[in-house]
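Here the structure comes first, spelled out in structure tokens, and everything after it is commentary.
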Amino acid sequence: MDDIMNAEQTFPRAIRLLKCAGSYMDGLKIIHIAGTNGKETVSTFLSSILQHSEPEQQEVLVGRYTTSFLLNDREAISINNESIPLAEYSEIENHLIDLDKSLNLQCNTIELLTSMAFVYFAKKSCQWCIIETGLGGKWDPANLIPPQNKICCAITNVGISDEKFLCDALSLITYEYSKQDVRTIPFVVLDGSNDELVRNAISRECSNVGCKLHITDPSLDNCSVRTDSWGTLELCQLPYNEEDQIFNLRVAISVLDFLKKEGKICISKDQLSKGLISVDWPRSLHQLDYCYEANSGKKIALLLDNANNAKAAQNLASHLRTKYGDTPLTFVVAITTGKKLPPLLDPLIRTQDHVIVTRFGSVVGMPWIQSLEPMHLFTFIKDRYTKNVDMQPDLHSVWTFLEASRLQTMVPVIVCGSLYLCKELLYQHNCHLRV
């Protein structure tokens, strides 16, 4: 932990930008959601429930910042599930860009986008802000949050229990906002389904620094959640998308249980249930005439859906069956390392389908995100679903292969499995159109 730089050293440009833009962090109450799997689900649960945490006549504004956006940056910033309006997005963006230029800070895209989220949430006087990030260690955007604003941190399934991910998870517990301000997060909720190595390491760190830790129930025997505030919640009829969803739900409810006991929210058992039933799951299905070659302007009809969780995969499968029936389909698939493959692929791929496995490139600002090795994915799909599998090293070679193999049909090629694959494809599309 000695090599962890404080926030003013790690994010000097963004912190100076926010300070010069005004006291936009004052009064914000922030819940930080981190991990490799389940962040979006946990933050979706929390956003929905917190909106119902006061009497019905009082509107509760819950801001949410996520890296799980596809088509444009505005999707990263929302209040009560509504993306920031274009006019306000442009106004805040232009203001911060002008300020950045006048101060000669040269903030990068992630620093600007994160700063925009805080400015927007403060301007709208959000009662709660949910900041969803990865395990970026000292480079995590959550380090922009002053310690007095961070109420608690939830760590979902870390996915890979190697030294890199463990160090990143531990660095979220103790942090320095400045050289004079070294604090710990008041409360950490850890998904109990994590490997024992992860659980033990985070438990030791919390004990060493005096941080309260709650590890959720790792059992799959039932769909109940034990709480101090509402007793045992039996949740069999509530929206699950896969058996692992109960782990994410326990993390979200444990955060709320802590907030209730601390007197920071007032929510009854009925309001909690209403919030869960009202969950609005993100939708990410998009059609695109993809320009895959700049000079010739060649295009191919695609259907994009990151489908990076079981619910999204089930929704995509339902759409495909309704629209195309038993017609053989062509998939282009890449998946983030650490994801469980059966929940993502079981609903989608059939014997008659053709699958091209590939990988996405490095993710700017998030070096901890890695693409699963194509050979591993190739073997898994060939053994479990279909013999019609090919492997290509990157997206560029995928389109060359499709053209040469004459797999292009009247039915769109489906690109799915990873948000980062879809983002890379859209970036290339826009670059080709500008040539």
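The values are calculated or read from the model by the stated rules, or taken from the named source; none is laboratory data. A quick note: this is a predicted structure, and the numbers were derived from the prediction, not measured. Note: ideal-geometry Cβ built from the backbone for every residue, glycine included; neighbour counts use all protein chains shown. Accessible surface areas use protein heavy atoms only, side chains included; no ligands, DNA or RNA. Shrake-Rupley method; radii C 1.70, N 1.55, O 1.52, S 1.80 Å.
When you check residue 249 against the structure, is it open to solvent by 50 Å² or more (accessible area, probe 1.4 Å) and under 18 Å from the mean Cα position of the chain (by Cα), yes or no? Even if it seems obvious, please write down each step before you answer.
Details: open to solvent by 50 Å² or more (accessible area, probe 1.4 Å): no; under 18 Å from the mean Cα position of the chain (by Cα): yes.
The answer is no for residue 249.
Restricting attention to region 182-210, and to residues there that are open to solvent by 10 Å² or more (accessible area, probe 1.4 Å) and assigned to a loop (DSSP other than H, G, I, E, B), which single residue is farthest from residue 253 (Cα to Cα)?
The extreme case among them is 210.
Yes or no: residue 82 farther than 12 Å from residue 13 by Cα, within 25 Å of the chain's Cα centre (by Cα) and open to solvent by 30 Å² or more (accessible area, probe 1.4 Å)? First the steps, then the outcome.
Values: farther than 12 Å from residue 13 by Cα: yes; within 25 Å of the chain's Cα centre (by Cα): yes; open to solvent by 30 Å² or more (accessible area, probe 1.4 Å): yes.
The answer is yes for residue 82.
Check residue 143 against each of (1) in a strand (DSSP E or B); (2) modelled with pLDDT under 80 and name the one condition it does not meet.
(1)
What are the residues in region 67-114 that are at pLDDT below 85, outside any helix (DSSP H, G or I) and within 23 Å of residue 34 (Cβ to Cβ), if any? Walk me through how you get there before you give the answer.
Within region 67-114, the first condition is being at pLDDT below 85, and the residues that meet it are 67-75, 107-111.
Filter again for outside any helix (DSSP H, G or I), leaving 67-72, 107-108.
Within region 67-114, 67, 68, 69, 70, 107, 108 meet the criteria.
Residues in region 261-272: is at least one polar (S, T, N, Q), open to solvent by less than 60 Å² (accessible area, probe 1.4 Å) and free of Cβ contacts under 8 Å to residues at least 40 places away in the same chain? Spell out how you get there, then give the answer.
So the first thing to find is which residues in region 261-272 are polar (S, T, N, Q), and the list is 268, 271.
Applying the additional criterion that residues be open to solvent by less than 60 Å² (accessible area, probe 1.4 Å) yields 268, 271.
Imposing the further condition that a residue be free of Cβ contacts under 8 Å to residues at least 40 places away in the same chain reduces the set to 268.
Within region 261-272, one or more residues are polar (S, T, N, Q), open to solvent by less than 60 Å² (accessible area, probe 1.4 Å) and free of Cβ contacts under 8 Å to residues at least 40 places away in the same chain.
I'd like to check which strands (runs of 3 or more DSSP E) are fully inside region 287-377 and have at least 1 residues that are surrounded by fewer than 18 Cβ atoms within 10 Å (Cβ to Cβ) and either touching a residue at least 60 places away in the same chain (Cβ under 8 Å) or of a type in the set (Ser, Thr, Tyr) (or both). I'd like the intermediate steps shown before the answer.
Values: elements: 299-305, 330-333, 354-357.
Passing ranges, in order: 299-305.
Could you give me the residue pairs with C-beta distances under 7 Å whose first residue belongs to region 110-128 and is under 18 Å from residue 87 (Cβ atoms), whose second residue is modelled with pLDDT under 90 and of a type in the set (D, E, K, R) wherever it lies, and which are 6+ apart or on separate chains?
Filtered contacts from region 110-128: 113/73.
What are the residues in region 389-433 that are crowded, with 18+ Cβ neighbours inside 10 Å and in a loop (DSSP other than H, G, I, E, B), if any?
392, 412, 417, 418
Could you grab me the full set of residues in region 97-109 that are loosely packed, with under 11 Cβ neighbours inside 10 Å and in contact (Cβ under 8 Å) with a residue 24 or more places away in the chain?
Residues satisfying the conditions are 106, 109.
Looking at the structure I just gave you, is residue 386 modelled with pLDDT of 95 or more, open to solvent by less than 30 Å² (accessible area, probe 1.4 Å) and β-branched (Val, Ile, Thr)? Steps first, please.
Working: modelled with pLDDT of 95 or more: yes; open to solvent by less than 30 Å² (accessible area, probe 1.4 Å): yes; β-branched (Val, Ile, Thr): yes.
For residue 386, the condition - modelled with pLDDT of 95 or more, open to solvent by less than 30 Å² (accessible area, probe 1.4 Å) and β-branched (Val, Ile, Thr) - is met.
The conditions are (1) within 16 Å of the chain's Cα centre (by Cα); (2) modelled with pLDDT under 90, and residue 411 fails exactly one of them. Which is it?
Residue 411 satisfies every listed condition except (1).
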